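Derivation of every value follows stated rules applied to the coordinates shown; laboratory data play no part. Not measured: the values here are computed from a predicted model. For neighbour counting, all protein chains shown are included, and Cβ atoms are generated from backbone atoms with ideal geometry for every residue, glycine included.
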């Protein structure tokens with residue numbers, strides 16, 4: 001059985017996914033065992049945070065010897081739900097964040113893109129060779145979610161349509177939403193949600209710099 | 001003078017950028033005044049959080065009357081450093097997150113892409129018509145940062161090169177780093193950093209779903 005705790009933070013989950021990616025690269029490089037400090041070298045995350053994150057889910061490593069990489073990968077994969085197929089629907093082509101050809105590389109293991117819907121009817125039927133799918137109309141949303149047993153929706157529409165599309169996805173029966181628009185959306189409590197507002201997140205830089213680099217700062 | 005507080009959280013800054021985008025759309029729609037509840041309708045963020053965020057930076061609105069949109073836009077823009085030009089360099093074409101043609105729409109106001117560097121020498125010289133720039137070699141990094149007075153670096157290389165490229169950007173003199181890779185990086189304390197690990201962030205969904213949808217969950 002997997003030990004899980006309801007109070008595990010979203011940041012811990014994000015870091016677990018980062019450890020998973022690093023461990024996979026280490027395994028591909030032929031390594032079999034690793035210390036938390038080596039995961040740290042590959043991820044930029046401190047050993048103490050890594051050990052604390054991992055211990056939220058049980059006792060993995062042996063002191064001084066470290067972790068078996070293949071075991072740790074399977075375990076983290078199980079925790080993160082990577083061993084299940086999650087049929088995923090992409091709604092919208094307004095993707096400053098998502099280059100369609102990179103979707104499958106970028107998505108975690110288990111996520112399978114089942115359909116891509118577009119708001120612009122001029123694009124319907126266009127092939128996406130990398131996915132072996134053609135663009136479908138937003139009108140098909142409910143039918144596609146039902147027919148393809150979709151559990152996750154990626155929202156990449158214009159910000160003013162984000163909430164409307166999210167509501168339709170939830171009503172159609174998806175269990176999780178990833179919002180990639182430049183705005184935020186709300187969902188009922190039973191629905192999983194992650195908001196990846198990258199444009200707004202980048203503003204943290206100009207905010208910090210505008211305060212720390214007075215010579216470049218404009219005058220009010 | 002702008003009131004700023006050192007303890008303003010990154011989440012508040014991200015939300016301020018989301019309010020900015022919403023206010024801009026409201027202004028374009030011909031509106032001149034707004035209540036926090038209307039900003040809430042456009043952003044999915046609760047009125048009380050909006051009022052609290054805005055009041056971190058001073059008193060803007062009039063009770064019952066609301067905010068002057070043009071004034072609020074200028075003020076938030078000033079706080080977020082949008083009124084300054086930030087020369088930005090993009091390193092790497094491994095961009096599950098960034099479709100190059102969308103860069104300028106996606107970046108906050110003030111961010112100006114001054115150069116795009118690639119690790120793959122086969123791509124050098126390729127034009128990016130949307131930006132009026134051609135792809136340059138990673139070998140030019142230091143020279144480009146100096147010559148074009150670059151203050152911000154966007155890192156979109158393979159994860160195993162993320163720290164190395166970040167170190168070079170910092171050594172070359174950039175003041176802020178946005179890391180778009182599937183791993184994390186570290187920077188000296190004087191450097192601004194935002195980590196947008198979208199792939200790992202999406203794992204929050206499968207983690208939540210793997211626990212809440214037992215019928216779909218695989219068996220250990």
Exposure-ranked with fewest Cβ neighbours within 10 Å first, A:86, B:75 stand as B:75, A:86
Sorting from shortest, the nanometre distances separating the label point of residue A:11 (7 Å past Cα along the line to Cβ) from those of the same residue in the other copies are 1.0
Helix B:69-79 versus the longest principal axis of chain B: what angle, 0 to 90°, nearest 10, using Cα atoms?
40 degrees
Would you mind listing the distances between the residue A:122 label point and the same position in each other copy? Use 7 Å along Cα-to-C-beta, nm, one decimal, shortest first.
3.3
Run lengths n ≥ 4 of DSSP H only: what is the helix-derived mean residue ellipticity at 222 nm for chain A, with -39500 (n - 2.57) per run over all residues, to the nearest 500?
-11500 deg cm²/dmol
Over region A:10-79, what lengths in whole Å, largest first, do the semi-axes of the equivalent ellipsoid take, defined as the square roots of 5 times the eigenvalues of the alpha-carbon gyration tensor?
16, 13, 12
Residues B:203, B:36, sorted so that the one with the fewest Cβ neighbours within 10 Å comes first:
B:36, B:203
Which ordering of B:165, A:65, A:144, B:91 is given by a fewest-first count of other beta-carbon atoms within 10 Å?
A:65, A:144, B:165, B:91
Distances in nm, one decimal, shortest first, from residue B:63 to the same residue in every other copy, taking the label point 7 angstrom along Cα→Cβ.
6.0
Averaged across A:176-183, how many Cβ atoms of other chains sit within 10 Å of each residue's Cβ atom?
5
In vacuo Debye sum over C-alpha of region A:86-201, base-10 log of normalised intensity I(q)/I(0) at q = 0.10, 0.11, 0.13, 0.19 Å⁻¹, listed in q order, is -0.25, -0.30, -0.43, -0.98
Computed over chain A, the relative contact order (Cα-Cα under 8 Å, seq sep at least six) in percent reads 14 percent
